[in-house]
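One structure is given below, represented as structure tokens, and several questions about it will come after.
The values are calculated or read from the model by the stated rules, or taken from the named source; none is laboratory data. Computed from a prediction, not measured in an experiment: that's the story for all the values here. Ideal geometry is used to build each Cβ from the backbone, glycine not excepted, and the neighbour counts take in all protein chains shown.
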Amino acid sequence: MNTKSKKRYILDFFKTHQNKEYKLNEIDEIVKEDYKKDTGSTDIYVNRYVRALGTQGYIPELKGTIQKPKRGSYLFSPGEGKLKPKSPFSQLLKDKIKKRDKYQCQWCKTKETNTEPLAVDHIIPEDKGGKGVLENGITLCTICNNRKKNLNVITFGKNMFKKYLAVSRKNNDKKAMKFLNDIIKVYTKHGVN
């Protein structure tokens, strides 16, 4: 029986892959391969945990820091570093946020089920000063939460509208194109790049 936690597989990856930059998909592939060797399964969610480690600063279990040299890439460097304070949501607060949000994703309206639990995420990310308080929580499905990544709501929204605009152009939907262009102009007007 395997007693190694899923978190440990990810930490072990960084412990054995020091001072070299890896793309998130490479990390995902390597960790899943190691996990499969031990368990016969690839049922391990790597991406979100790696992104969280990248915002943590000093990681005591690794005695080093995971940096993000560029978007989608991570680099583990052993040695001293500063631990960034976290502000997670308590389980009670997560329950309140989900209830307030009617147990549905606030972007795509997917409802929570036993097989598809919803996540509570920070509207303003923790590493940008966001606190684990009711007003800074939002209920998201796994897909929307992954799309949001570590963006604030404004930047995430702009990115989503740009994606919808690309689809509208591909489908030659002139009404949607005009609407989405008008929305994107509002972002530009307010200096959101």
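Can you say whether GLY191 is assigned to a loop (DSSP other than H, G, I, E, B), surrounded by 14 or more Cβ atoms within 10 Å (Cβ to Cβ) and without any contact (Cβ under 8 Å) to a residue 60 or more places away in the chain, as far as the supplied structure shows?
When the stated conditions are applied, GLY191 does not pass them.
Any residue that is within 30 Å of GLU80 (Cβ to Cβ) and among the basic types (Lys, Arg) - is there at least one of those in the range 27-49?
Yes, that holds for at least one residue.
Only one residue in ILE66, ILE97 is assigned to a helix (DSSP H, G or I) and either of a type in the set (A, V, I, L, M) or under 16 Å from the mean Cα position of the chain (by Cα) (or both). Which one?
On inspection, the qualifying residue turns out to be ILE97.
Filter the range 34-63 down to the residues that are in a helix (DSSP H, G or I) and without any contact (Cβ under 8 Å) to a residue 24 or more places away in the chain, then identify the one that is nearest to HIS122 (Cα to Cα).
Applying the filter and picking the extreme gives ALA52.
Something else about it: Among LYS36, LYS96, LYS82, LYS102, which is modelled with pLDDT of 90 or more and loosely packed, with under 13 Cβ neighbours inside 10 Å?
The match here is LYS102.
Please determine whether any residue of the range 31-43 is within 19 Å of the chain's Cα centre (by Cα), among the β-branched types (Val, Ile, Thr) and under 27 Å from GLY129 (Cα atoms).
No, the range 31-43 has no match at all.
Output the residues belonging to the range 14-33 that are surrounded by 15 or more Cβ atoms within 10 Å (Cβ to Cβ) and either part of a loop (DSSP other than H, G, I, E, B) or of a type in the set (S, T, N, Q) (or both).
Matches in the range 14-33: HIS17 only.
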